[in-house]
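To start, the structure under review is shown below, and the notes come after it.
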Amino acid sequence: MKSKIILAFAAGSLIIFNATASHSQAADATTQMQVGATVSTTCTISASILDFGELSTETDTTASSTITASCSRDAAIPSFTVGSGENPGGDSVRQMKSDTNLIPYKLTITAGGSTSIANNGVIELVSEEATIYGQVAPNDTYIDGNYTDSVLLTANYTF
């Protein structure tokens, strides 16, 4: 590296400069920065207990359950699937069980039971809430016991 000393006079003062001659080169280094994000749409579905209570031996015993569905990010829930229960008994018959004893029941989308929900049937929603009705036919031969079943509800949503 070479240096030069430069003397300059300005208004009666001596100014000394040290000038260094250098030869530098510019260089660049590059890399790629990865960018990512995750967007998740989730839906939840819940149902109140469909409890028939004490069964009648003379008339149909009915009950209902309110199904509520909600989704994040404005996902639409156009339908949900109603499973066959733990003891399916036919196309639209499900069965509650106590020990080895069974009591058949059906699920409907209308009060009074005119439109049965098939096992693994699909229900279309018009809002985020729907009512499912249950119906047990009268029978005086049911065996005493606490009868239960569990029906899987699956939200079918789009986003």
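The values are calculated or read from the model by the stated rules, or taken from the named source; none is laboratory data. The structure displayed is predicted, hence computed values, not measured ones. Because the Cβ atoms are built from the backbone with ideal geometry, glycine has one as well, and the counts that use them run over all protein chains shown.
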Exercise. Does segment 131-138 contain at least one residue that is closer than 21 Å to residue 43 by Cβ, assigned to a strand (DSSP E or B) and within 23 Å of the chain's Cα centre (by Cα)?
Worked result: yes
Exercise. Is it the case that residue 105 is under 20 Å from the mean Cα position of the chain (by Cα), assigned to a strand (DSSP E or B) and either under 24 Å from residue 53 (Cβ atoms) or not β-branched (Val, Ile, Thr) (or both)?
Worked result: no
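If we keep just the residues of segment 60-72 that are not polar (S, T, N, Q) and not in a loop (DSSP other than H, G, I, E, B), which is surrounded by the most Cβ atoms within 10 Å (Cβ to Cβ)?
Pass one, segment 60-72, residues not polar (S, T, N, Q): 60, 63, 67, 69, 71.
Next, only the ones that are not in a loop (DSSP other than H, G, I, E, B) stay: 63, 67, 69, 71.
Working: 63: 16, 67: 19, 69: 22, 71: 18.
Applying the filter and picking the extreme gives 69.
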Problem set entry | Single unsatisfied condition, residue 151 versus (1) buried (at least 16 other Cβ atoms within 10 Å of the Cβ); (2) in contact with a Phe, Trp or Tyr (Cβ under 8 Å, 6 or more places away or on another chain); (3) of a type in the set (A, V, I, L, M, F, W, C) | (2)
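For every residue, the table says whether it meets (1) buried (at least 16 other Cβ atoms within 10 Å of the Cβ); (2) outside any strand (DSSP E or B); (3) modelled with pLDDT of 85 or more.
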site	(1), (2), (3)
53	no, yes, yes
58	no, yes, yes
74	no, yes, no
80	yes, no, yes
95	yes, no, yes
110	no, yes, yes
